[in-house]
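Below is one structure; the comments refer to it alone.
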Amino acid sequence: MMIEAIDVTKRYGNETILSSISFEIKKGQSVAVLGPSGSGKTTLLSILGLLLEPCCGEILLYGQRMRGLSDTELSNLRNHHMGYVFQNSQLIGSLTVGDNVLLPARLAGKAREKQKQSREILEQFGLANRINHLPHQLSFGQKRRVALARALVMEPQLILADEPTNDLDEKMAQQVSHVLLGLKDQGVALIVATHDRQLAERMDRRVRIDQGKLFDITFQDREIGKLKDG
Ligand SMILES: Nc1ncnc2c1ncn2[C@@H]1O[C@H](COP(=O)(O)OP(=O)(O)OP(=O)(O)O)[C@@H](O)[C@H]1O
Ligand SMILES: [Mg+2]
């Protein structure tokens, strides 16, 4: 098992966002996380991405318990094992596009070795002529592609992407989906929160968050249109 959540609960004040949910993903598997706005998709991804601590329950990465690890230990695990695409991109405003993409490599002491590759990823995303721009000089869709490029540069075995095709026109959304699905074919595990039905349909599994609980969407549910809310 690559990553597991066991009986995870997350509350804000007296509001329960996730209620004792369990979830796991194996190496090379892909899962779409669906559910209406505010249902807890970002909360779940943040917990699985070791960015947010649940109130109760356990997260295991390759069987290792995450509870009690220091921030530095968690950052190192994140940087080596996961690529995270934030819903709001979260680029560093003072760094150029090129430096944002290289940041994970720089943190791991591999900036030089990853330079060519980061440039190639940006080219693939149609951003070759934006390498020296700052984030505030980009459109939402461009920022999102930079955020995806940054998540890919360390070639992680797990990608967590929070609505990666939002703000993109159809052609770009298809291209980003194509890149994600290509990674899936290479054996990278994907957890993708999305409202994009086409992308969701092409994942191995679909789950839906509803009132704090996580449900597997079965073929029967899809037949009767329960995928709609995603
Ligand atoms: N820091 C916080 N403090 C209090 N409530 C929060 C906090 N973060 C999120 N919430 C609440 O948790 C719920 C789930 O939020 P989350 O961002 O996970 O939803 P989502 O499914 O990702 O929605 P969307 O599709 O709009 O991105 C929302 O009702 C939100 O208001
Ligand atoms: Mg969200």
### Task
Any lysines with Cα under 17 Å of the K213 Cα? List them, leaving off those in the same chain fewer than 8 positions away.
K10, K41, K226
### Message
Heavy atoms of the protein only, probe of 1.4 Å, neighbouring chains included. What is the accessible area of H80 in Å², nearest 10?
### Response
100
### Message
With n ≥ 4 as the cut-off for DSSP H runs, can you work out [θ] at 222 nm for the chain, using -39500 (n - 2.57) per run divided by the number of residues, rounded to the nearest 500?
### Response
-10500 deg cm²/dmol
### Task
Please turn the phi angles of the range 147-161 into ³J(HN,Hα) values with the Karplus equation 6.51 cos²θ - 1.76 cosθ + 1.60 (θ = phi - 60°), one per residue in order, whole Hz, x for glycine and proline.
4, 5, 4, 4, 6, 8, 4, 8, 6, x, 8, 9, 10, 10, 10
### Task
Any chance you could get the radius of gyration and Dmax over the Cα atoms of the chain, in Å?
17.2, 52
### Query
Within the range 88-196, what is the number of lysine pairs with alpha carbons under 21 Å apart, leaving out pairs fewer than eight places apart on the same chain?
4
### Message
Given a 1.4 angstrom probe, what's the average accessible area per residue across the range 3-225, in square angstrom?
### Response
49
### Query
When the Cα centres of the range 131-165 and the range 68-100 are compared, how far apart do they sit, in Å?
11
### On Cα atoms only, tilt of 71-81 relative to the major axis of the chain in degrees
80
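Compute the signed sum of charges (Lys and Arg +1, Asp and Glu -1) over the other residues within less than 11 Å, Cβ to Cβ, of S19. Mind dumping the intermediate values first?
On the way: positive: K10, R11, K213; negative: D7, E15, D210.
Result for the neighbourhood of S19: 0.
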### Query
To the nearest Å, what is the center-to-center distance of the range 5-43 and the range 166-217, using C-alpha atoms only?
15
#### Entry: Sulfur and carbon atoms: percent of accessible area, the range 3-225 [1.4 Å]
46
### Summary
Across G109, G57, G141, the residue with the highest GNM fluctuation in the chain (Cα network, 10 Å cutoff) is G109
### Antiparallel content of DSSP bridges confined to the chain, in %, to 5
50
### Query
Normalised by the number of residues in the chain, what is the relative contact order in percent for Cα pairs under 8 Å and 6+ residues apart?
29
### Task
Figure the gain on full extension for L52 and D185 (residue separation times 0.36 nm, minus the Cα-Cα span) and round it to one decimal in nm.
45.0 nm
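The values are calculated or read from the model by the stated rules, or taken from the named source; none is laboratory data. Keep in mind that this is a model prediction, so the values were computed, not measured. Because the Cβ atoms are built from the backbone with ideal geometry, glycine has one as well, and the counts that use them run over all protein chains shown. Ligands, DNA and RNA are stripped out before the accessible areas are found, and what is left, the full protein with its side chains, is counted by its heavy atoms. Shrake-Rupley method; radii C 1.70, N 1.55, O 1.52, S 1.80 Å.
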